[in-house]
Amino acid sequence: MTDSRPVLTMTGISKSFPGVRALHNVNFQLFPGEVHALMGENGAGKSTLIKVLTGVYDTDEGTITLDGEPASFTGPMQANAAGVSTVYQEVNLCTNLSVAENIFIGREPRLLGAVRWGEVRRRARALLARLDLDLDVSAPLGSYSLAIQQMVAIARAIDIKARVLILDEPTSSLDAGEVAQLFRIMRQLRDEGIAILFVTHFLDQVYEIADRITVLRNGGLVGEYQTAELPQLSLVEKMIGKELDVLEGIEEHSRRDLAALEEGTPLVAVSNFGRAGAVAPFSLTIHAGEVVGLAGLLGSGRTEVARLLFGADRTDGGQVAIDGTASSLRTPAQAIDHGVGFCSENRRAEGIVADLSVRENMILAMQAARGWLRPIPRRRQDELVDKYVKALNIRPANPEVPVRNLSGGNQQKVLLARWLITEPRLLILDEPTRGIDIGAKTEIQKLVAQLSDGGMAVLFISAELEEVLRLSHKVAVMRDRQMVAQLANDDSLDADRIMQTIASGSHREEADR
Amino acid sequence: MNDTMSRYRTMTGHRLFWPAAVLFVMLAANTIYRPGFLSIELKDGHLYGTPIDILRLSAPLILVALGMTLVISTGGIDLSVGSLCAISGAIACMYISKQPDQNSVGVVVTALAMAMGVSLVLGAWNGVLVAVIGIQPIIATLILMVAGRGLAQLITEGQIITINSEPYRAIGLGHALTLPLAIFIALAAALLVAAFTRRTALGMIIESVGGNATASRLAGIRSGRVIFLAYVISAACAAVAGFMMTANVSSADGNAAGLWVELDAILAVVIGGTSLAGGRFFLSGTIIGALIIQTLTTTVYAMDISPQTSLLFKAVVVIAVCLIQAPAFRARFSRRRRHAPPPAAIADKPKEQVPA
């Protein structure tokens, strides 16, 4: 904000993909010498906006001006040349090449076609010195930590006389010390007059470094705010888009007495489960018939908790007791043997096997548990599949079509059926209602309530707080990859308090003893 | 008209239609070129004729390709099958040649058991490299492809081992029920592999692992075991093929036995409709694929195509077969042809109504 003239202005940007309106009439301004945070949940349109800005996508409507001149880039290379550089979440560099090669790859200084290696190394050293980094530029990039690699990527980006630097979730794989180092460099670049666009899911970091915040939701602009004037709670509200008073009442289901449910031996009790770089150690108990909600923003570590409980990732330490007996959850197969089921949020990559039929997808987990030598008799298969096609209202009701031909909601139901067939004692549902229409959503919510009444324990993960509140007996709140609170879902708990907990992380109130 | 059209579509849409059509066209072309091509005669209680020869000669390839189908379905590949053929043949022939009575059935059975045992161990080696250690299949099996030839040479001490054993010779050239024994062996192997994969859940689990390894793991499948098993089955199939190849000539040549059969086998699998990316596999398609390749080889001889150009001829036909098989190519071809009628005539596949 050293200059009152924006370096970059985007006005009335709209962008649609077949069937999806990714951006609708979004305005965005970036001033020289500021760090500007772009906030929003996944699917809010952040990455689309960045891709429009850097020329990966064309705009349908709207104009972009850079330094007051209309600009439209046909690709990232052209955007680079105009001074708009991007550093992506995953470091897009070659770890087997040297630091200097990585900085200059594709634009090496040449003499008569031959690369001037001496010049490459000299200029690389100069660039890194500007960032206060003292590295051996001939060493392979892979020999440095992820944080250093990230900074080399930044060095590569600012070499192209960058005026606008876009950092897309640069901190997601860094630890606290590395984040501090990155922020130091960001402040230095900001003071040199570079405009930095910063995308992150970490609220604390936004408040630490950003001067201004732009919030997107569902492809639309919610607003642009001074960081100092926007409390964290309001930011969360604006991102999620729920006014506190519009939440529906909690159904009778979740009113069952938590104390009564939590009598006796817990079905699953983990203590100090955690994984470096994924989620800080946490403890959690789940009883039969209990629905535990897992609330938190996307990227707060909810899925990571689920994966540890299912053995999809291994915990670094800690203990688990199942029915009070010490046990372990090291592989999915082992978790399934203990009666745990897991519906991944990533249906396509981690859920369905697209080639196989609906029937085969449904019986897969049960068959895997029995082993290939004991095939489920075809009549039994047909009975089970028929039962769940009817119970979950799966369409088309022909179990022999490849599952890839089904809509997303129906694929989700096939996955649910896959686990219900195994009759699990604990079912982990990671965003089971995301991206499916309202009818299917209600059906799945009803089903969860029914299952828990029947004695099944459910770990219910959702970004939608109303859904979590309606179904859960207990809500565990995730924030910045930590489980910051476990709240009993009694009369006093509402979305307001959950949001406060997400925003501040201070509202520690253990529902567990 | 519309009805005929849709029946035509259903027929051409069947996954076996194009491989079968190619085979039919090849046989027809041969018959036109040489009218006696399809004739079969009964001599001394045995059937003779080119079609019978094609079936007999394709038996080893069918065997190797059956195992290859399973391996490819897991998303892998087995380059070592040719070497395995040479090793199994070499062990069997070497053992028989050392015995005083080469015509004893007991000797031959012992020889087969020994060779099969070693082949299973080598298949397990491949399986461990891929499924336990996690080496890429093409590299893991390349090791045995190269080293296996050396191993076969070591067993035969660099010589071509000639044997004189009627029972062993029968594996390649014997007859049963007027037909060559090799045809029955291949048929039995096909039925066995089919039963092993389709009567158990092994086939589905292999397809699941090859189709989406991550999802399979999260469904609780211990994929290592089935991948391991696929390589062992492939080795067993290759071993039997090796017996047949060496029995055909009553001698074991560590260098030549089963040379390049892995490439023919991969080709047969792909022609049969199994994707190299893994997933769904089709044993019947693989068998038709193997028959196509053998028919092609026989055609080259029958048409007196000179040895210098025969490989080129084969290559051209294979390219044509693969193109006809490829849906993308057929779509482009038929779109061009359909320029005349209005776009409405392009009856789309009926879209499924899938309300959520």
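Couple of notes before you dig in:
- Close amide-amide hydrogen proximity is noted between A:PHE342 and A:ILE428, each under 5 Å apart and 5 or more residues distant or on a separate chain (H modeled in the peptide plane; Pro and chain starts excluded).
- Per-residue 3J(HN,Hα) values for segment A:131-146, derived from phi via the Karplus relation 6.51 cos²θ - 1.76 cosθ + 1.60 with θ = phi - 60°, read 8, 6, 10, 10, 10, 7, 6, 8, 6, x, 4, x, 7, 9, 5, 4 Hz in sequence order (x marks Gly and Pro).
- Checking the cross-link pairs A:LYS15/A:LYS446; A:LYS387/A:LYS446; A:LYS46/A:LYS238; A:LYS15/A:LYS238; A:LYS387/A:LYS474 against a 26 Å limit on the alpha carbon distance flags A:LYS15/A:LYS446; A:LYS387/A:LYS474 as lying beyond it.
- Exposure proxy ranking, count of Cβ atoms within 10 Å, fewest first, for A:LYS15, A:LYS474: A:LYS15, A:LYS474
- Calculated mean residue ellipticity at 222 nm for chain B: -23000 deg cm²/dmol, from DSSP H runs with n ≥ 4 weighted as -39500 (n - 2.57), summed, divided by the residue count and rounded to 500.
- By average C-beta atoms within 10 angstrom, highest first, the peptides B:300-312, B:220-232: B:220-232, B:300-312
- For chain A, the relative contact order comes to 15 percent (Cα pairs under 8 Å, sequence separation of at least 6).
- Residue-wise HN-Hα coupling along segment A:272-289, computed from phi with Karplus coefficients 6.51, -1.76, 1.60 (Hz; x: Gly, Pro): 6, 6, x, 8, 4, x, 10, 7, 5, x, 9, 10, 7, 10, 10, 9, 4, x
- Helix-only [θ]222 nm of chain A, DSSP H runs n ≥ 4, -39500 (n - 2.57) each, per residue, nearest 500: -10000 deg cm²/dmol
- Neighbour counting of Cβ atoms within 10 Å sorts the residues A:ARG21, B:ARG199, fewest neighbours leading, into B:ARG199, A:ARG21.
- Anisotropy class of the protein assembly as shown from Cα gyration tensor, a/c 1.5 cut: prolate
- Amide hydrogen proximity for A:ARG217: with H placed 1.01 Å from N in the peptide plane, the residues at 5 or more positions away or on another chain lying under 5 Å are A:VAL222.
- Beta bridge orientation in the protein assembly as shown: antiparallel %, DSSP, nearest 5: 60
- For segment B:51-327: rounded, prolate or oblate by the Cα gyration tensor [a/c cutoff 1.5]: oblate
- Karplus-derived HN-Hα couplings along segment B:170-177 (A = 6.51, B = -1.76, C = 1.60, θ = phi - 60°), whole Hz, x at Gly and Pro: 4, 4, x, 10, x, 10, 8, 6
- Considering chain A at the alpha-carbon level, its Rg and Dmax are found to be 25.4, 81 Å.
- With Cα atoms, 0 to 90° folded angle of helix A:408-421 axis to chain A main axis: 50
- Ranked packing of A:29-39, A:63-73, A:407-417, most packed first, by mean Cβ within 10 Å: A:407-417, A:29-39, A:63-73
- Residue-averaged beta-carbon neighbours from other chains (10 angstrom radius) around A:363-371: 6
- Additional length obtainable on full extension of the chain from A:PHE183 to A:VAL56, 0.36 nm per residue less Cα span: 43.0 nm
- For peptide A:339-346, the mean count of partner chain Cβ atoms within 10 Å of a residue's Cβ comes to 2.
- Rounded to 10°, Cα long-axis angle of helix B:50-73 versus longest principal axis of chain B: 80
- Shape of segment A:161-226, Cα gyration tensor, a/c cut at 1.5: oblate
- Look at the alpha carbon pairs under 8 Å that are at least 6 residues apart: their mean separation over the length of segment A:349-423 gives a relative contact order of 49 percent.
- Amide hydrogen neighbours beyond the local backbone of A:LEU8, cut-off 5 Å, H modeled: A:LEU30, A:ASP67
- Pairs of Cα atoms nearer than 8 Å and 6+ residues apart set the relative contact order; for segment B:78-230 it is 30 percent.
- Cα long-axis angle, helix B:283-302 against chain B (0 to 90 degrees, to the nearest 10): 70
- Ranked packing of A:126-138, A:459-471, most packed first, by mean Cβ within 10 Å: A:459-471, A:126-138
- Counting other Cβ atoms within 10 Å as a rough exposure proxy, the listed residues A:TRP372, A:TRP117 run A:TRP117, A:TRP372 from fewest neighbours to most.
Values quoted throughout were computed directly from the atomic coordinates according to the rules given, and no laboratory measurement underlies them. Computed from a predicted model, the values in this text were never measured in an experiment. Quick reminder, even Gly has a Cβ in these numbers, built from the backbone with ideal geometry, and neighbours come from all protein chains shown.
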